[in-house]
Amino acid sequence: MIFGGSCTARSDGPRPVGAEPVAAGSSVWRLGPGPVRVSPTRGGRRRVAVLGWSGGSDQEVGRLVDAPLPTDITWRWPGTYTVVDENEEVVVLYTDPAAAQPVYLTRHENDWVWCNSARALAALTGAGTDIQRLTCTIFLPSVPALANGRTFFTKVEQLPPGSRIELPRDGRAPRRVTVWRPTSEGAPEQRLRQALNAAVVLRTASDPNLACDMSGGLDSTSLAVLAAQALPPGSGLNAVTIHPEGDETGADLRYARLTAAAHAGRITHHLLPLTAEHRPYTRITNVPATDEPAPSTLTQARLTGQFRWMKERLGTRTHMTGDGGDSVLFQPPIRLADLVRHRSIRRAVGEALGWARLRRRPTLPLLRDAATVARTSRHEALADLARTVGTPGRDDHGLVRWFPLMPFPSWAEPAARKELVAAAHEAASAPDQLPGLDFSVRSLVDEIREVARTAAADAALAQNCGIDLHNPFLDAVVVDAVLRTPLVRRPAVHEYKPLLRRAMADFLPPEVAARTTKGSFEADHYTGMRANLPDLLPLADGHLASFALLAPDRFRRSLREASAGVPMPLATVEQALMAEAWLVAHHREPGPVWIYEPVGSAHG
């Protein structure tokens, strides 16, 4: 579902062809099916709409119009949703703190037009590609702070998550206030269990025939067992585990089978073998046009194959995954700097030893870096980033940094570094919307919002296959529950999701709860690149080359070397291929057509 609205006081604001108002006389519209709840009007002047998946009841939404909206309105219920409070003078948007349902804004003919699709707004204004934003996602996806509200389209901005945004109907500048801020509270295991269960129950109540990934890892397994318990007896959750064709000996499948056996009668376990047609890099330009490059672009053959199989064999309409769990549940290395700042030196040393063993690094440099970062503000780190970005050979993976840099590739053109420097300067000059947080929490907010927002592009890929994709770990109630954990109760940087293990201890088989690793498909990526190299090489001469961001000859050389198994960092190569595939899809598929017609009757 695409939804949006405008702030014009007239009744003929722009909307895409086929869009319908959510209520008679409302400036808010939706295009396509999807959950929407609208309160009755108050005195004919005020109306509140909840757009998206929400655990709020009709009665609760109906009462919203009787008083000022509570500041926690977008994280008091499970789900991913936006709240709109409109009257004759102003339209007020309340955005999701996790950015799992991003909202975008543009200026058009002296009016503010907002929408949950940046690409739709770009079609309205004729916006082109934002080269700076594109450059950041290719060369520094590890620093989401560089986006700074920019989208992949010029003059289309992302509204700040967890905020209250007033859009005056007379066209004056918006007024923005941050309303969500994670403050420390106790009992994190209980909060996580309650929030995650509520997020799962919301989905099972709406579609008892839903399916769920069950990869054998903690995240998807936790969702599967919660869903199995939430469904009516005799329903049976359809849980899907993928595995290489002809090989059912992997650890992931063994753990998935243990879970299915422990919940026999409630979980119907399905195995999906992966064949050569599911290899990574297969037909990557076949992805649908989305707001930005989808994280699953390189594995789209596997993902769409799974979706179509579930649709045909199981009749699946709704599917849950554990995506986002890693970002929400792990601690970043900068946590060591927090421990130094709070003078928890003994704990800092102990966690540095654990992290050093895990990463096979010396301990003393980690502690030295932690002490340095502890004295460095986020603003200072962004200013330093502007001076150091694009440094050849630098790789900060696993180190204690505010903004870890990835290796800068040899195929990058000078224009790419200039765009990165400009982005870093802009980010350094922008005020921090969440000042004063512990460094690790502030870093996690950036990462979670990046993962949640990009997951919306994966959801569009699933929707193209007729599947409604859900990631409950990215619900605002779940993110809020985890990020409120006090420093002393947060897991060590080297621990494997102890918070989730404790929260789910009575549901998971002991062997699964004790698991500290997860299967890897990295070898498949090299095999897939080698098999699809003839289709990948021509992409070097595509849109990115026309933007002078990469040198085609050097990029092709890197592709050939990677496909031959030459050790190298693949991250930027993969990001470039994803971006090129996105640009191909964007230019191939037209955006929605907008019209200006008086708002008619409601179609709730």
Item to complete: Tell me which label goes with the value of mean projected area of the Cα convex hull in nm² computed from the coordinates here: [x] 26.1; [y] 34.2; [z] 24.4.
Response: [x]
Worksheet item: So what is the relative contact order of the chain, in percent, for Cα pairs below 8 Å that sit 6 or more residues apart?
Response: 21
Discussion item. Given R₀ = 35 Å, what would the calculated FRET efficiency be for A205 paired with S429, taking r from the Cβ atoms and rounding to 0.05?
Written reply: 0.15
Fill in: Extension gain from V421 to N464, taking 0.36 nm per residue of separation minus the Cα-Cα distance
11.8 nm
Practice prompt. Out of all DSSP beta bridges with both ends in the chain, state the antiparallel percent to the nearest 5.
Written response: 75
Worksheet item: Say each of A531 and S142 gets a label point 7 Å from the Cα, pointing the same way as Cα to Cβ; how far apart are those two points in nm?
Response: 3.0
Worksheet item: Counting only heavy atoms of protein chains, what accessible area per residue, in Å², does segment 353-457 have with a probe of 1.4 Å?
Response: 47
Worksheet item: If we restrict to alpha carbons, what Rg and Dmax does segment 243-325 come to, in Å?
Response: 14.7, 41
Worksheet item: Looking only at segment 22-58, which residues have a backbone nitrogen under 15 Å from a spot 7 Å from the Cα of R76 in the C-beta direction?
Response: 39, 48-51, 54-58
Response to the item:
With the dipole of the chain defined by +1 on each Lys or Arg Cβ and -1 on each Asp or Glu Cβ, the option from F330, A352, Y281 whose Cα lies farthest towards the positive pole is A352
Worksheet item: How much accessible area per residue does segment 77-119 have, in Å², with a 1.4 Å probe?
Response: 23
Fill in: Per residue accessible area in Å² of segment 145-206, where ligands, DNA and RNA are left out and the probe is 1.4 Å
42
Discussion item. If I compute solvent accessible area with a 1.4 Å probe over the protein chains, what percent of it on the chain is carbon and sulfur?
Written reply: 52
Worksheet entry | Net lengthening on full extension, S57/R554 (0.36 nm per residue, minus Cα-Cα) | 173.3 nm
Fill in: Computed E for D541/D170 - FRET, C-beta separation, R0 51 angstrom, nearest 0.05
0.55
Discussion item. Can you pull out the trypsin sites (Lys or Arg not before Pro) in segment 1-83 whose DSSP state is coil and whose Cβ has at most 16 other Cβ atoms within 10 Å?
Written reply: R10, R45, R76
Worksheet item: Which net charge results for the neighbourhood of F473, defined as the other residues with beta-carbon distances under 10 angstrom from its beta-carbon, given Lys and Arg at +1 and Asp and Glu at -1?
Response: -4
Worksheet, complete the sentence: One finds the C-alpha centres of segment 445-520 and segment 7-78 to be spaced, in Å, by 29
Worksheet item: In segment 117-257, what percentage of the DSSP-assigned beta bridges are antiparallel, given to the nearest 5?
Response: 65
Practice prompt. May I ask for the distance between the Cα centers of segment 348-375 and segment 303-346, given as a whole number of Å?
Written response: 24
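The values are calculated or read from the model by the stated rules, or taken from the named source; none is laboratory data. Keep in mind it's a predicted model, so treat the numbers as computed, not measured. Please note: Cβ atoms are built from the backbone with ideal geometry, for glycine as well, and neighbour counts cover all protein chains shown. What goes into the accessible areas is simple: the full protein's heavy atoms, side chains included, and nothing from ligands, DNA or RNA. Shrake-Rupley method; radii C 1.70, N 1.55, O 1.52, S 1.80 Å.
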